[in-house]
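Each remark here refers to the structure printed beneath this line.
Quick note: the coordinates plus some simple rules give every number you see, no bench work behind them. No experiment lies behind these values; they were computed from the predicted model shown. Because the Cβ atoms are built from the backbone with ideal geometry, glycine has one as well, and the counts that use them run over all protein chains shown.
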Amino acid sequence: HPNYPGQLLFAGMHQSTPDTVWVYDLDVATPPPDVPWLSEAPISGTVPAGGSVSVDITFDAGVVTQTGKYYATLRFKNNTPYSMLEVPVTMTVVPPALPVASFTSNSPVCLGETMVFTDTSQGYPPISFWHWDFGDGFTSTLQNPTHTYSLAGDFLVTLVVTNSEGSDSVTGTVTVNPSPVASFDYNPVSGTVPLTVYFTNTSQYAISPTWAFGDGTYGAGDTVSHTYELTGTYAVTLTVTSPYGCGTAAISHSVVVLPAGPTHYTIYLPLVFKGYGP
């Protein structure tokens, strides 16, 4: 340790179990005590000025007979009297048990986006096998898989986890939201000036329809009308927005406005009958 340069010796250790406490206080000339569930290496060494020395701590759960927390304090002492560094160590021993399956995901996602699954299962002995059923005919044995659904909708996802004691499963619902689909009807599709055209939004999975009538004017709403005063071909564009945050969609159709034809007049002339006598 940089704060304790010079010769560094393992000076002592105390431990406790749920029922018994052992305390060891040793001077530097005495070998370290034999704590059966903990070992360390090295037990002595030289720390260069400004440097450090690593000590590996190994816990052997095979020698303990009780579950619970095990505490130890490693005491390091250098050649300066009364200079002591203490490092607490806590180990937890739990009984073998069936795993408890659980997971999280980034649901909901939009169609075409990747669903990310995160295993949050707990278990001791450690979990050694994972099986995912994504609810659409596809599976995985990765611990933390990803999956891209080809259809929108709600899917039941099942995770089965296994350790040496047995298995557990959990099922959850994930949601894939559809992308917006823009469409509209309109009538008439052509005519002579002035031409009034009526438009109806028929889009799916969409809100907030806005219209560009192609002549520099705009509108909004599911049902709108517009009157064209000049001849030409106009591209009418409808834009809609996903209510799920899945972007926008647009579609265009043409309206043809023709010039007015010549004016036709009907002349009614008086009909005169002239009779002649014999």
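Quick look at the values:
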| quantity | calculated |
| --- | --- |
| At R0 = 41 Å, FRET efficiency that the Cβ-Cβ distance of PHE129 and ILE57 yields, to 0.05 | 0.85 |
| Cβ-based net charge around ILE57, under 14 Å, with every Lys or Arg adding one and every Asp or Glu removing one | -3 |
| Estimated FRET transfer efficiency when R0 is 41 angstrom, pair ASP154-SER254 (beta carbons, to 0.05) | 0.55 |
| Two-site label geometry, THR175 and LEU230: point separation in nm, points 7 Å out along Cα→Cβ | 4.7 |
| Additional length obtainable on full extension of the chain from TYR198 to THR104, 0.36 nm per residue less Cα span | 29.0 nm |
